[in-house]
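In what follows, a structure is listed as structure tokens, so that the remarks can point back to it.
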Amino acid sequence: MNYSLKYLLFIFLFTLENSSLYASNVIKLNTYQCLESNEVSNKLEVYISDCNRKLKKIDFYEIPNSTPKIDYVFFNNIKEKNNVFIVISYDENYRDPLNRFNYLGSYYMVRAYECDKNNNCKENEKVSNFFGSGGI
């Protein structure tokens with residue numbers, strides 16, 4: 001009996017621990033789609049969902065020495081495809097030991113995705129590269 005109690009406790013704690021896999025920040029795009037994000041050790045994972053916990057990972061962003069965050073999300077329906085634009089910000093604080101160049105400030109990158117009604121998304125690299133990234 002002691003073994004089965006430990007086993008049940010293990011199952012409960014394992015389930016509780018893995019429930020954090022769901023995204024922590026939810027942005028409603030329309031009546032049937034939400035954008036969700038989750039920070040995991042300096043990495044930002046982005047998901048699209050049906051707003052009821054059915055998550056599909058879109059992408060992840062990893063910036064050395066910084067934790068990226070979503071600042072803005074734009075949504076538009078063009079040619080029966082849902083176009084999602086995500087603006088991600090991150091801070092940079094790098095100083096060259098010889099003082100030849102320094103990176104200090106907030107930087108932004110824009111990523112564009114095309115999603116269908118089944119929440120299958122792919123990055124629109126042409127649009128993402130057009131916007132690129134830059135600092136203030």
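The values are calculated or read from the model by the stated rules, or taken from the named source; none is laboratory data. Keep in mind it's a predicted model, so treat the numbers as computed, not measured. A quick note on method: Cβ atoms are made from the backbone with ideal geometry, for glycine too, and the neighbour counts reach across all protein chains shown. Each accessible area value is taken on the protein alone, full model and side chains, heavy atoms only, with ligands, DNA and RNA left out. Shrake-Rupley method; radii C 1.70, N 1.55, O 1.52, S 1.80 Å.
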Practice item. Just name the residue that is modelled with the lowest pLDDT out of those in segment 51-67 that are in a loop (DSSP other than H, G, I, E, B) and surrounded by fewer than 15 Cβ atoms within 10 Å (Cβ to Cβ). Key: Arg53
**Study point:** Conditions (1) open to solvent by less than 70 Å² (accessible area, probe 1.4 Å); (2) without any contact (Cβ under 8 Å) to a residue 60 or more places away in the chain; (3) over 16 Å from Glu114 (Cβ atoms); number of the one not met by Leu98
**Key:** (1)
**Study point:** Residues being over 18 Å from Asn25 (Cβ atoms) and part of a strand (DSSP E or B) - total across segment 92-109
**Key:** 10
Check your understanding: Which ones in segment 40-56 are of a type in the set (Phe, Trp, Tyr) and over 24 Å from Val110 (Cβ atoms)?
Key -> none
Check your understanding: Any residue in segment 68-76 that is within 20 Å of Lys43 (Cβ to Cβ), open to solvent by 100 Å² or more (accessible area, probe 1.4 Å) and of a type outside the set (Ser, Thr, Tyr)?
Key -> yes
**Study point:** Positions within segment 68-87 being in a loop (DSSP other than H, G, I, E, B) and touching a Phe, Trp or Tyr at 6+ places or on another chain (Cβ under 9 Å), in sequence order
**Key:** Pro68
